[in-house]
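Contents: one structure, followed by commentary.
The values are calculated or read from the model by the stated rules, or taken from the named source; none is laboratory data. Given the structure is predicted, the values throughout are model-derived calculations rather than measurements. In this analysis, Cβ positions are derived from the backbone assuming ideal geometry, glycine residues included, and neighbour counts consider all displayed protein chains.
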Amino acid sequence: MTLQWTIEQDIGRLILNQPPSNTMTMEFFQEMQVLVNEISTMENLRAVIISGSGRHYSSGADIAELLRNVDHRTMIENYRAFVMLEQLEIPVISAIRGVCLGSAFELALFSHFRLCANDAVLGLPESTYNLMPGIGGIQKVAALAGKARAIEIILRGVTFSASEAKEMGLVDGTFPKNDVIPVSIAFANALPVNFKSAERSVYLHKFLKPLHAKD
Amino acid sequence: MNHSDKVTFEVRDSIGIVSLNNPPANVLDIPEFIPIGLFSQWTSDETLKGLIFKGEGRNFSSGGNLEAIFEKSDEPESLNIMMRDGHALLAVIQNLDIPVIAAINRVCFGGGLEVALACHIRVASENAMLAFPEVNHHLMPGMGGTFMLPALAGFSQSAKMILGGDIVNALEARELKIIDYIAPKDQAFEYAWSLMLKMTSDRPVKVIRSIMKALKNASELSRNEAMKEETQLFCALAKDEAFRRKSEEA
């Protein structure tokens, strides 16, 4: 399985599990679609936290495999899985450590919240492979960071740091890397049971701010 | 009158450069300051990867020629057509599927600011001055400034800027999200040029245009419509790239 799913104290832990860099293969996307479908029917689940196995969130799609198999229908299905994740009525939090690139960053962008390790590396490098982000990342970046920044980071395809991502509005908080998962769990537990994704900024202010280490 | 003399166009390294050339402050004689047909001809070059708007000399542009507007004031219909044509030109600029950067040194007022707002990215020098001074003449921005500004700066800050007519400096403009990057004194063009090359020089034209189209769809279409098109654009690029890799192997 390229995905690992466990439930700990009513919090679902979705772990991208294809070490070392948790590449997102076609198999991954198929498992993702099935799993998100199942999650949507689970009762008593408080939240979903997505993270990568080992040091990294994920380096994104397997480009060679993708180029051999790409078709319109598969891409739309992958996108639908992301949208279903976003439409879950419980909070979905991406806990980002290490690299988070391409489709993996798109997956994070479809989460309701992105909490990020200080030394994480993010980006949409698709254009450097003569491609473009293909699972909705373009729309998400434009909405969060504005059109000008979206044009710059997507055309250049350069990676950026967690603090740059925070400044652009692409992630919600940065933490020491060993704190990212514990903070994500604490944040998930702090969020109200009748979570509404439209209240995102209120939740960040009320429940994430207090979790930043006081220094 | 051949008003296109007051705007020049050249292409350097696949980047088009439009210079507002009506010194000293590059007044825009009429709202349609480049005939749309001519502008479309310039930008129909399929090898073009980007476009930069700049002002000749020290300033970007002080905006429209108010005398010309007051002259037309007793012919409301022709004034209306004149403004509509100007607005249509800005829409053409905004809708281009290559990145368009405004390189703003010093003065950028009124219609000049509206031209800059129609561009996709704004680079301003640290000594740039931006304003909608129309209110001081008992007028208002007439080429879309009243809706392009709030999209970036929000309603209340836009109301303050348009009703107050006050000058905003580069730092304030960056804070208000009206501009995206601050360049050193008088270096807006150099900064914009280097940014443009970083974004485009290693990219095939088709990749650039596909990404720009997807970004445009994101703001104009419903999410599902935009996504359907994005997927098509993606698959077309993937096909090209798969083919390129295969022929490299062969």
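Annotations
- The residues listed here are B:Leu176, B:Leu233; of these, the one that is within 26 Å of A:Glu167 (Cβ to Cβ) and crowded, with 16+ Cβ neighbours inside 10 Å is B:Leu176.
- Of note, A:Ala64 satisfies the criterion of being out of contact with any Pro (no Cβ under 6 Å at 6 or more places or on another chain) and within 14 Å of chain B (Cβ to nearest Cβ).
- Scanning the range B:52-77 for residues that are crowded, with 21+ Cβ neighbours inside 10 Å and out of contact with any helix residue (DSSP H, G or I) (no Cβ under 7 Å at 6 or more places or on another chain) turns up B:Gly55, B:Asn59.
- Scanning the range A:36-66 for residues that are touching an Asp or Glu at 6+ places or on another chain (Cβ under 9 Å) and surrounded by fewer than 22 Cβ atoms within 10 Å (Cβ to Cβ), we see that the one that is farthest from A:Ile7 (Cα to Cα) is A:Ile63.
- In summary, helices (runs of 4 or more DSSP H) completely within the range B:129-214 and bearing 2 or more residues that are closer than 30 Å to B:Asp13 by Cβ and within 14 Å of chain A (Cβ to nearest Cβ) occur at B:145-153, B:170-175, B:188-200.
- Tally, over the range B:31-65, of residues that are over 25 Å from B:Ala124 (Cβ atoms) and touching a residue at least 24 places away in the same chain (Cβ under 8 Å): 7
Table: residues versus (1) among the aliphatic types (A, V, I, L, M); (2) modelled with pLDDT under 95; (3) under 26 Å from B:Ile179 (Cα atoms).
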site: A:Ser94; (1), (2), (3): no, no, no
site: A:Ser127; (1), (2), (3): no, no, yes
site: A:Ile138; (1), (2), (3): yes, no, yes
site: A:Val141; (1), (2), (3): yes, no, yes
site: A:Ile153; (1), (2), (3): yes, no, yes
site: A:Ala165; (1), (2), (3): yes, no, yes
site: A:Gly169; (1), (2), (3): no, no, yes
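- Filtered residues of the range B:88-123 (kept if in a strand (DSSP E or B) and within 12 Å of chain A (Cβ to nearest Cβ)): B:Val100, B:Ile101, B:Ala102, B:Ile121, B:Arg122, B:Val123
- The lone exception for B:Ser194 - which of (1) polar (S, T, N, Q); (2) crowded, with 21+ Cβ neighbours inside 10 Å; (3) assigned by TED's automatic domain parsing to the domain that holds B:Ser125 it fails: (2)
- Qualifying positions in the range A:153-171 - surrounded by 22 or more Cβ atoms within 10 Å (Cβ to Cβ) and either without any contact (Cβ under 8 Å) to a residue 12 or more places away in the chain or away from chain B (no Cβ under 11 Å) (or both): A:Ala162, A:Ala165, A:Leu170, A:Val171
- The set of residues from the range B:219-250 being closer than 30 Å to B:Arg12 by Cβ and either hydroxyl-bearing (Ser, Thr, Tyr) or facing another protein chain (nearest Cβ under 9 Å) (or both) comprises B:Ser219, B:Leu233, B:Leu237, B:Asp240, B:Glu241, B:Arg244.
- Residues of the range A:26-41 satisfying the condition of being among the hydroxyl-bearing types (Ser, Thr, Tyr) and closer than 12 Å to A:Gln87 by Cα: A:Ser40
- Screening A:Cys100 against (1) away from chain B (no Cβ under 14 Å); (2) within 17 Å of A:Gly12 (Cβ to Cβ); (3) crowded, with 21+ Cβ neighbours inside 10 Å leaves a single unmet condition, (2).
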